[in-house]
Amino acid sequence: MANKKIVIIGGPSTGKTTIIEHLESMGELCLHEISRQVTLEAQQEGISQLFLEDPLLFSRKLIEGRIAQHTNANNISSARVFFDRGIPDVIAYMDYANESYPSEFTKACETYRYDSIFLLPPWEDIHKTDNERYESFDQAQRIHHHLYETYTNLGYHCIEVPFGNVEKRSNFILENILSV
């Protein structure tokens, strides 16, 4: 029997990674975000912000990495697998940046499906920028809108996770997986 693939999405500084790490500490199987890794590799090659300098190349690397995560999850003997972002995030970010992308991106979103989508809203109290996260809070709100629209247009129902501490948010997700 295939495992449930559960994606946690949201713009920058919404608490995704904190929740993923907390779920992992509770014994859940979690696959981590790969965009920071792609960004750091580009910086080692002298490219400050690959998404800003070559959005299509950056996005191709993300699509490839997220397809690999999705495919590898099929070989994991666990009832469910959590993903820190999904393949459709790439399209949402490209739309946010008003960049065009090949039809293969949309095809990947249609081919590699997830079972549940949990959307974390922008949270100004925890918003911060750093070396890899450069978006302002206003930009984070626009990204949130694009994420919601992209997943909805692909036929997903996004379950919005309310604000709260990591335990409450994680428990909300776990309780709502059971009802999906």
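The values are calculated or read from the model by the stated rules, or taken from the named source; none is laboratory data. Source: prediction; values computed, not measured. Ideal geometry is used to build each Cβ from the backbone, glycine not excepted, and the neighbour counts take in all protein chains shown.
A Cβ distance below 9 Å, combined with a sequence gap of six or more or placement on separate chains, defines the contacts here; from the range 7-33, residues that are without any contact (Cβ under 8 Å) to a residue 12 or more places away in the chain reach residues that are assigned to a helix (DSSP H, G or I) in the pairs GLU21/VAL166.
Report yes if some residue within the range 90-112 is touching a His at 6+ places or on another chain (Cβ under 8 Å), of a type in the set (Val, Ile, Thr), buried (at least 22 other Cβ atoms within 10 Å of the Cβ) and closer than 23 Å to ARG142 by Cβ; otherwise report no. Checking the range 90-112: not a single residue is touching a His at 6+ places or on another chain (Cβ under 8 Å), of a type in the set (Val, Ile, Thr), buried (at least 22 other Cβ atoms within 10 Å of the Cβ) and closer than 23 Å to ARG142 by Cβ. Looking across ILE67, ILE19, one residue alone is surrounded by fewer than 20 Cβ atoms within 10 Å (Cβ to Cβ) and assigned to a helix (DSSP H, G or I). It is ILE67. The residues of the range 1-47 that are within 25 Å of ARG113 (Cβ to Cβ) and of a type in the set (Val, Ile, Thr), listed by number, are ILE6, VAL7, ILE8, ILE9, THR14, THR17, ILE19, ILE20, ILE34, VAL38. With the structure loaded, tell me whether SER35 is polar (S, T, N, Q) and either more than 23 Å from THR150 (Cβ to Cβ) or modelled with pLDDT of 95 or more (or both) or whether it fails that test. Spelling it out, it is not the case that SER35 is polar (S, T, N, Q) and either more than 23 Å from THR150 (Cβ to Cβ) or modelled with pLDDT of 95 or more (or both). Take the residues in the range 34-51 that are part of a loop (DSSP other than H, G, I, E, B) and without any contact (Cβ under 8 Å) to a residue 60 or more places away in the chain, then tell me which one is surrounded by the fewest Cβ atoms within 10 Å (Cβ to Cβ). The extreme case among them is GLY46. Within the range 43-67, the set of residues being hydroxyl-bearing (Ser, Thr, Tyr) and more than 14 Å from the chain's Cα centre (by Cα) comprises just one member, SER48.
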